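No lab work stands behind these numbers, since they all come straight from the coordinates. Not measured: the values here are computed from a predicted model. Virtual Cβ from ideal backbone geometry, glycine too; neighbours counted across all protein chains shown.
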Amino acid sequence: MSEYFNVGKIVNTHGIKGELKVVRITDFEDRFKKGNILYLFLQGQQEPIALTIQQHRKHKQFDMLKFAGYDSINDVEHFKQGMLKIHQSDQEQLEEGAFYYHEIIGCKVETTSGEYLGTISEVLSPGANDVWVVKQPSNKKDLLIPYIEQVVKQVDPQTKKVVIEPMDGLLS
């Protein structure tokens, strides 16, 4: 089965001409470029719908997308809550030390001294650097690990293992 990866979630329609309000789940600025193809996955449907981007603009904190052939709110109303994805073959090569979210989520995290901390459950992108959310065992509070050189010492997506050097106060 081919793999697809999330790049955005449709949260609403906008206006009456088929424009959609999308929450971005990608760092690649050109992902929503005119002419690009995205795959729409809707709840309860097996097959994705291939959509060609006709128009893209930013509006507040959202990406506004319009797809070719969908010119009315009636055409896109049922797209709400759908996930927009790219095909694995559309992924770009990353530079050294950069990772796709799906490579990081699910990794086990331990300290340089070998203490197991938990599993990465989510990646947040609040600003200058990503923050990895680590779900700890036995209902302890989630840890927030900044993805910075001083903290993250080793990342191995193949073995799903991350080694960190906790800063003062990080684990408390």
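Mind listing which chymotrypsin sites (Phe, Trp or Tyr not before Pro) in segment 1-61 are in a DSSP loop and have 14 or fewer other Cβ atoms within 10 Å?
On the way: sites: Tyr4, Phe5, Phe28, Phe32, Tyr39, Phe41; in loops: Phe28.
Qualifying residues, ordered by number: Phe28.
Report, in debye and to the nearest 20, how large the dipole of segment 101-164 comes out about its Cα centre when Lys and Arg carry +1 and Asp and Glu carry -1 on their Cβ. Show your work: numbers first, answer last.
Details: 7 positive and 8 negative charges, 43 e Å.
About 200 debye.
Largest first and in whole Å, what are the equivalent-ellipsoid semi-axes of segment 4-89 based on the Cα gyration tensor, each being the root of 5 times an eigenvalue? The partial results should precede the final answer.
On the way: eigenvalues 57, 49, 29 Å².
After diagonalising the Cα gyration tensor, the semi-axes are 17, 16, 12 Å.
Using unit Cβ charges (K, R positive; D, E negative) and no other charged atoms, how large, in debye to the nearest 20, is the dipole of the chain about its Cα centre?
Values: 20 positive and 24 negative charges, 139 e Å.
So the magnitude is around 660 debye.
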Practice problem: Mind checking which lysines have their Cα closer than 23 Å to the Cα of Lys60? Skip sequence neighbours fewer than 8 apart in that chain. | Solution: Lys9, Lys17, Lys21, Lys33, Lys34, Lys80, Lys85
Practice problem: Could you point to the residue in Gln54, Ile37, Val151 farthest towards the positive end of segment 24-172's charge dipole, with +1 and -1 charges on the Cβ of Lys/Arg and Asp/Glu respectively? | Solution: Gln54
Quiz item: What share of the DSSP beta bridges in the chain is antiparallel, in percent to the nearest 5?
Solution: 90 percent
Self-check item: Distance in nm between pseudo-label sites at Thr159 and Ser138 (7 Å out along the Cβ direction from Cα)
Solution: 2.6 nm
Quiz prompt | Selection of trypsin sites (Lys or Arg not before Pro), segment 41-145, meeting DSSP coil and at most 14 other Cβ within 10 Å | solution = Lys60, Lys80, Lys140, Lys141
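Quantify how much of the Cα-Cα distance distribution of the chain extends past 22 Å, in percent.
On the way: 7648 of 14706 pairs.
When every Cα pair of the chain is considered, 52 percent fall beyond 22 Å.
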Quiz item: Within the chain, what is the longest stretch that has no GluC sites (Glu not before Pro) placed in a DSSP loop and near at most 12 other beta-carbon atoms within 10 Å?
Solution: 4-91
Practice problem: Might you report the magnitude of the Cβ-based charge dipole of segment 1-45 about its Cα centre, with Lys and Arg at +1 and Asp and Glu at -1, to the nearest 20 debye? | Solution: 200 debye
Practice problem: Determine the distance separating the Cα centre of segment 4-80 from the Cα centre of segment 126-172; give it in Å without decimals. | Solution: 32 Å
